[in-house]
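Q: Sharing a structure, written as structure tokens. Questions coming.
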Amino acid sequence: MEDHSGDVPVLPLHTSEVDRYVHLNRIYAVVYSVGILALFYRHTLQLLSSPTVFSFVFTLSFFFADVILAVMWVLNQAYYWRPIHRRSHPERLPTVELPGLDVFICTSDPFKEPPMSVANTALSVMAYDYPMEKLSVYLSDDGGSDLTLFTFMEAAKFAKHWIPFCKMNDIMMRSPDVYFDSKTANDNHDHHNIKILYEKMKGKVEAVMMNGRVEEHHLHSEIEHIVFQKWKQERFTRQEHPSVIQILLESNKDRDITDQPLPNLIYISREKHRSVHHHFKGGSLNALLRVSKVMTNAPFILTLDCDMISNDPITPRRAMCFLLDEAMSENLAYVQFPQRFRGINESDIYGNEYTRIFSYNLLGMNGTKGPNYVGTNTFFQRRAIEGILPTCEETLKSTMTIISSTKVLDLANKVAGATYEHNTKWGCEFGFRYGSLTEDFYTGFILHCEGWRSIYCSTERPAFLGEVTPTLYDGLNQMKRWTIGLFEVVLSRHNTFTYGIKKGKC
Ligand SMILES: O=c1ccn([C@@H]2O[C@H](COP(=O)(O)OP(=O)(O)O[C@H]3O[C@H](CO)[C@@H](O)[C@H](O)[C@H]3O)[C@@H](O)[C@H]2O)c(=O)[nH]1
Ligand SMILES: [Mn+2]
């Protein structure tokens, strides 16, 4: 990778090395295969020497059960054959301007996903070590909740203090809740003041949450009153409401308390109609793709679940080490960071950490086409996920610089409309793909089939930290959803065996 053609050698932005235990893995695989062959040899002998029909059928059933397990085992070896560790070197990124980054955060229920913790996720990424004028954070609220919007309005005010505080004190954990809870938070004067501000904001949000809805006396400015008028409409429910797009911070206008620019912060609740399928998270991500296209159109996109806080402010620069590498970016669809969790007790009795699917398997896939998309902590190239939009999507091509202009807002509301996708290829040829409860796996798989690659970047300090499912019931439900989602892919025309092989690219 090193280029010594110039006078000064250009150091690579990223390096990779094959896992040092790969040979052990391979030896183990060979020994295990011998074991499997011996087992089948024994089964065959038993079948041939079955004294009765009953014992024949009995042995045959064991034989088939073992065939299934053996096939699963063989397929799994792909993960251990050539795991690759990739390291990024963000300190080597050229000092030229960094590209725009649009962050998509999805939330869907203010009572299951408390707006205050969603706001913490947003604040943690808004405080990234990244040029503020290049960063836009979009919140998609599928719950269409005034409580969430209210919380984000408060968070936008708090961000003006929080972002400079993090940067001046070089804080790594930029989610306020976790930062104030952590033992490392040192109790200096600044810390004390910002904590008071945070507690005040939290108090306001809690009062509104207790009340269950935003009322006149919670609001202070004329603008706030106008915004919440929408919720006064008779038919404003979670499943039936017009689109709400609210710019809470505008980078080229708003400044923090040290007079530095702030990132854009935009609240979006796409239009919903009972009679129109909204396609859950996939639908919400596609609405975000379109709205962000008409507003900021950044070439790179980070998708985040509402509970995934940033744990390291340098992460977007790490992602850029891969995405900006010309030799690699041509067909690089996304850079995946692992899903790690906080609050897991030592014994992790429910296996909530999912180390295998979120760490080992992804590492293994780094040696092939790259990891599958796990729904969150993923930096996409916009052009990969968007696909080539046909000319009928002309509206999407007109990006403007003033995001708060009426023209931009009208267009944004139009593309966030419930029926906008009718008679278009959204969800099947471009955007996040519909048809599976695990839209993430499905989308990543299709991208790989289309010839795109992906990268798994794991770092010693986790880039993001999520929350584990709180109860066994939730955990089982989640597992059920994932299994159904994967099964939907198997039953679709994009079956991983047939479609992937037919395409000849997987
Ligand atoms: O109609 C919906 C439903 C969900 N979500 C959001 O999608 C995210 C993930 O949903 P969650 O219920 O937390 O599902 P999990 O099973 O925990 O999520 C994992 O599995 C999902 C499906 O494979 C992926 O989309 C996620 O990124 C991945 O973390 C959350 O932020 C939700 O708010 C929406 O925006 N709209
Ligand atoms: Mn979740």
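The values are calculated or read from the model by the stated rules, or taken from the named source; none is laboratory data. Everything numeric here is computed off the predicted structure, so don't read it as measured data. So basically every Cβ, Gly included, is an ideal-geometry build from the backbone, and we count neighbours across all protein chains shown. Each accessible area value is taken on the protein alone, full model and side chains, heavy atoms only, with ligands, DNA and RNA left out. Shrake-Rupley method; radii C 1.70, N 1.55, O 1.52, S 1.80 Å.
Q: Taking the convex hull of the Cα atoms, report for the chain its projected area averaged over all directions, in nm².
A: Its Cα hull, projected and averaged over all orientations, spans 29.8 nm².
Q: With n ≥ 4 as the cut-off for DSSP H runs, can you work out [θ] at 222 nm for the chain, using -39500 (n - 2.57) per run divided by the number of residues, rounded to the nearest 500?
A: Theoretical 222 nm ellipticity from helices: -13000 deg cm²/dmol.
Q: Would you pull out the residues with amide H under 5 Å of Val103's amide H, same chain only if 5 or more places away, H placed 1.01 Å from N?
A: Ser136, Val137, Tyr138, Leu302
Q: Return the distance in nm (one decimal) between the two label points of a simple spin-label model at Thr469 and Tyr350, each offset 7 Å from Cα along Cα→Cβ.
A: About 0.7 nm separates the two model spin labels.
Q: How much area per residue is accessible in segment 261-399 when the probe is 1.4 Å and only protein heavy atoms are counted (Å²)?
A: Ligands and nucleic acids excluded, the figure is 34 Å² per residue.
Q: Against the longest principal axis of the chain, how steep is helix 22-48, in degrees 0 to 90 to the nearest 10, with axes from Cα atoms?
A: Helix 22-48 sits roughly 50 degrees off the main axis of the chain.
Q: For the chain, what proportion of DSSP beta bridges, expressed in % and rounded to the nearest 5, is antiparallel?
A: Taking every DSSP beta bridge with both residues in the chain, the antiparallel ones total about 45 percent.
Q: Given 0.36 nm per residue, what is the gain on full extension from Phe54 to Leu39 after removing their alpha carbon distance, in nm?
A: Between Phe54 and Leu39, full extension yields an extra 3.3 nm.
Q: Give the long-range amide H neighbours of Leu332: residues separated by 5 or more places, or on another chain, with amide H under 5 Å away, using H modelled in the peptide plane at 1.01 Å from N.
A: So Leu332 has HN proximity to Arg453.
Q: At a 1.4 Å probe, what is the % contribution of carbon and sulfur to the accessible area of segment 20-81?
A: Carbon plus sulfur share of accessible area: 78 percent.
Q: Would you list which aspartates and glutamates come within 19 Å of Lys230, measuring only between C-alpha atoms, while excluding same-chain residues fewer than 8 positions from it?
A: Asp109, Asp141, Asp142, Asp146, Glu154, Glu215, Glu216, Glu222, Glu240, Glu271, Asp410
Q: Multiplying the sequence separation of Phe180 and His225 by 0.36 nm and subtracting their Cα-Cα distance, what value in nm do you get?
A: Gain in length upon complete extension: 13.0 nm.
Q: Nearest 0.05, what FRET efficiency do Asn477 and Thr237 give at R0 = 25 Å with Cβ-Cβ as r?
A: Rounded to the nearest 0.05, the efficiency is 0.55.
Q: For segment 422-499, state which chymotrypsin sites (Phe, Trp or Tyr not before Pro) are in a DSSP loop and have at most 13 other beta carbons lying within 10 Å of their beta carbon.
A: Within segment 422-499, the qualifying chymotrypsin sites (Phe, Trp or Tyr not before Pro) (loop, at most 13 other Cβ atoms within 10 Å) are Phe497.
Q: So what are the ³J(HN,Hα) numbers for segment 91-104, from phi and the Karplus equation (6.51, -1.76, 1.60; θ = phi - 60°), rounded to whole Hz, Gly and Pro as x?
A: In residue order, the calculated couplings are 5, 8, 4, x, 7, 4, 4, 7, x, x, 9, 9, 9, 10 Hz.
Q: Right, something else. Straight distance only, please: which lysines reach the Cα of Lys167 with their own Cα at less than 23 Å, same-chain residues fewer than 8 apart left out?
A: Lys134, Lys157, Lys183, Lys195, Lys200, Lys202, Lys253
Q: Taking H placed 1.01 Å from N in the peptide plane, check which residues at least 5 places from Asp142 or on another chain put their amide H under 5 Å from its amide H.
A: Hits under the 5 Å cutoff: Thr107, Ser108.
Q: Could you give the length gained by full extension between Ala327 and Ser404, i.e. 0.36 nm per residue of separation minus their alpha carbon distance, to one decimal place?
A: Roughly 24.0 nm would be gained on extension.
Q: At 7 Å along Cα-to-Cβ for each site, give me the label-to-label distance between Asp66 and Asn252 in nm.
A: In this crude label model, Asp66 to Asn252 measures out at 7.1 nm.
Q: How big is segment 260-321 in terms of Cα radius of gyration and Dmax, in angstroms?
A: Taking only Cα atoms of segment 260-321, I get Rg and Dmax of 14.4, 46 Å.
Q: Next question, about the same structure. Per residue of segment 372-386, in order, report the coupling 6.51 cos²θ - 1.76 cosθ + 1.60 (Karplus, θ = phi - 60°) as ³J(HN,Hα) in whole Hz, putting x for Gly and Pro.
A: 6, 7, 9, x, 8, 6, 10, 9, 9, 7, 4, 5, 6, 7, 6
Q: Take every Cα-Cα pair in segment 429-488 and report what % of them are more than 19 Å apart.
A: Tail fraction, whole percent: 52.
Q: Mind jotting down the distance between the C-alpha centroids of segment 198-274 and segment 310-368, whole Å?
A: 32 Å
Q: Could you derive backbone 3J(HN,Hα) for segment 62-67 from the dihedral phi with the Karplus parameters 6.51, -1.76 and 1.60 (θ = phi - 60°), listing whole Hz in sequence and x where the residue is Gly or Pro?
A: Along segment 62-67, the couplings run 5, 4, 5, 4, 5, 4 Hz.
Q: Let me ask something additional. Could you please state, rounded to a whole Å, how far the C-alpha centre of segment 57-130 is from the C-alpha centre of segment 467-506?
A: Segment 57-130 and segment 467-506 have Cα centres spaced 14 Å from each other.
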